[in-house]
Amino acid sequence: MVSKDKIRRILDSYDKKNITIATGCSHTSLQIFHGAKLEGFRTLGISVQQKTKMYDAFPAAKPDDFLYVDSYAQLIDMTDYLIEQNVIVVPHGSFVEYMTPAIFESWEVPSFGNRMVLDWEADREKEREWLTSAGVKMPRIISDAQKIDRPVLVKYHGAKGGRGFFIAKDYPEFKMGLEHAKKYHIQEYVLGTRYYVHFFYSPIKTEGYKLSKGVLELLSMDRRDESNIDEMYKLGSVEELKRHGFFPTFVVTGNVPIVARESLLPKFFDLGERIIESSFNLFGGLIGPFCIESIVTDQLDVVVFEVSARIVAGTNPYISGSSYSDLIQPGLSTGRRIAQEIKLGVEKGLLHEIIT
Ligand code: ATP
């Protein structure tokens, strides 16, 4: 892990009037560049073999410059160049995933947020320790497959976007679905509606929904469109389809805007608050955007199955604001909120609190 001192020394050397906000050319890059431009920053698109012609179609979100590299390894060699450009990287999910958390952790280019969160997010057991110790309700783990007595979801470790996950309702179904070579864990299947709630935590802003330090903001929420489970019902019962070799999958293909009933909002805020407060002690705090991935049952219980500790693609429907962020500032996207936080960090001389 690159040390905080090292990053602070690099930040001290930056020309604060000429900071460049950079991110990888995919995932949530349009709103990150759009937001950064609105806040007056120079922008740099990092293309690791991604095609960049798409940005010509969206002038308000086209970065000022591109940096083309063939691989993430080559990006490590560009460290000095990026530092000379006063670059702050905004890491999104794809950037960290493709660079790999191990390399990203030690990359010496200043990055928005706290890199220490990676250890707690990537390891499912540590993530569970973090959330349950904060008093957040999570789906029950079933440690003995022979004791499956209700619908469960079998999750393979390292599966991206739920690929390969399967539902079983008893032991024979579990045995039928299991791919033996893979590591997995079994989780109670929580029946309810899914809400992916997009928060932003600022340790340096003082007005708003206050925590023991800083403020918590609710910017938007979405529901993921998941193929093929979301559409399977059109073809008949899952049991019948399984006999024909069709199994439900959870591969994310897009994001649908959503608002929750208003009485759920205090519950969501309470969860966000617990997750942030507990992150202070465990690893010095989760900073910036994060997403609580939850299921709301018909008893209006909120069960959290995962936390994403950075900007998620579910914020993309809200490049020009959401029902919630509009009540903070009309038209505010998560991308723009990140740029505003960097600006506030510069103004207050507190960049080192939000950049690691
Ligand atoms: P990503 O990293 O892209 O978020 P993942 O591989 O970590 O995906 P999860 O997000 O844990 O996978 O789960 C994928 C999908 O499976 C969820 O979006 C949700 O639809 C469903 N799901 C996950 N856990 C449960 C659960 N306990 N009960 C019911 N459905 C669940």
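The values are calculated or read from the model by the stated rules, or taken from the named source; none is laboratory data. Here the structure is a predicted model, which means the values were calculated and not measured. Cβ atoms come from the backbone with ideal geometry, glycine included; neighbour counts cover every protein chain shown. To get the accessible areas, we keep the full protein, side chains included, count just its heavy atoms, and leave off ligands, DNA and RNA. Shrake-Rupley method; radii C 1.70, N 1.55, O 1.52, S 1.80 Å.
Picking from residues in segment 128-162 that are touching a residue at least 40 places away in the same chain (Cβ under 8 Å), part of a loop (DSSP other than H, G, I, E, B) and open to solvent by less than 40 Å² (accessible area, probe 1.4 Å), the one that is farthest from the ligand (Cβ to nearest atom) is 134. Report the residue count in segment 163-196 for those that are within 13 Å of the ligand (Cβ to nearest atom) and not basic (Lys, Arg). Within segment 163-196, residues that are within 13 Å of the ligand (Cβ to nearest atom) and not basic (Lys, Arg) number 17. Restricting attention to segment 208-224, does a residue exist that is within 12 Å of the ligand (Cβ to nearest atom), under 23 Å from residue 93 (Cα atoms) and surrounded by fewer than 18 Cβ atoms within 10 Å (Cβ to Cβ)? Among the residues of segment 208-224, at least one is within 12 Å of the ligand (Cβ to nearest atom), under 23 Å from residue 93 (Cα atoms) and surrounded by fewer than 18 Cβ atoms within 10 Å (Cβ to Cβ), which makes the answer yes. The set of residues in segment 209-222 that are out of contact with any Pro (no Cβ under 7 Å at 6 or more places or on another chain) and touching a residue at least 60 places away in the same chain (Cβ under 8 Å) comprises 209, 211, 212, 216, 217, 218, 219, 220, 221. Scanning segment 275-309 for residues being under 19 Å from residue 352 (Cα atoms) and part of a strand (DSSP E or B) gives a total of 2. Scoring residue 46 on the criteria (1) of a type in the set (A, V, I, L, M, F, W, C); (2) open to solvent by less than 50 Å² (accessible area, probe 1.4 Å); (3) part of a helix (DSSP H, G or I) leaves a single failure, condition (3). Pairs are defined by a Cβ separation below 9 Å, a sequence spacing of at least 6 or placement on different chains, a first member in segment 165-178 that is over 13 Å from residue 189 (Cα atoms), and a second member that is among the basic types (Lys, Arg) and more than 16 Å from the ligand (Cβ to nearest atom); the pairs so defined are 171/147; 173/242; 176/242; 177/242.
For segment 318-356, the set of residues classified as farther than 19 Å from residue 224 by Cα, in contact (Cβ under 8 Å) with a residue 40 or more places away in the chain and open to solvent by 50 Å² or more (accessible area, probe 1.4 Å) consists of 328, 343, 348, 352, 353, listed by residue number. For beta carbons closer than 8 Å, sequence separation of 6+ or different chains, a first residue in segment 294-317 that is closer than 17 Å to residue 120 by Cα and within 10 Å of the ligand (Cβ to nearest atom) and a second that is of a type in the set (Gly, Ala, Ser) and part of a strand (DSSP E or B), the qualifying pairs are 304/294; 305/294.
Would you mind finding the one in 108, 97 that is under 22 Å from the mean Cα position of the chain (by Cα), in contact (Cβ under 8 Å) with a residue 40 or more places away in the chain and more than 23 Å from residue 313 (Cα to Cα)?
Details: 97 fails: more than 23 Å from residue 313 (Cα to Cα).
Of 108, 97, the one residue that is under 22 Å from the mean Cα position of the chain (by Cα), in contact (Cβ under 8 Å) with a residue 40 or more places away in the chain and more than 23 Å from residue 313 (Cα to Cα) is 108.
For segment 11-21, does any single residue satisfy the condition of being part of a loop (DSSP other than H, G, I, E, B), over 29 Å from residue 220 (Cα atoms), small (Gly, Ala, Ser) and open to solvent by 10 Å² or more (accessible area, probe 1.4 Å)? The answer is no, given that none of the residues of segment 11-21 is part of a loop (DSSP other than H, G, I, E, B), over 29 Å from residue 220 (Cα atoms), small (Gly, Ala, Ser) and open to solvent by 10 Å² or more (accessible area, probe 1.4 Å). How many of the residues in segment 179-192 are in contact (Cβ under 8 Å) with a residue 40 or more places away in the chain, touching a Phe, Trp or Tyr at 6+ places or on another chain (Cβ under 8 Å) and in a loop (DSSP other than H, G, I, E, B)? Qualifying residue count, segment 179-192: 1.
I need the full set of residues from segment 225-240 which are in contact (Cβ under 8 Å) with a residue 12 or more places away in the chain, open to solvent by less than 60 Å² (accessible area, probe 1.4 Å) and not small (Gly, Ala, Ser), in order please.
226, 228, 229, 232, 238
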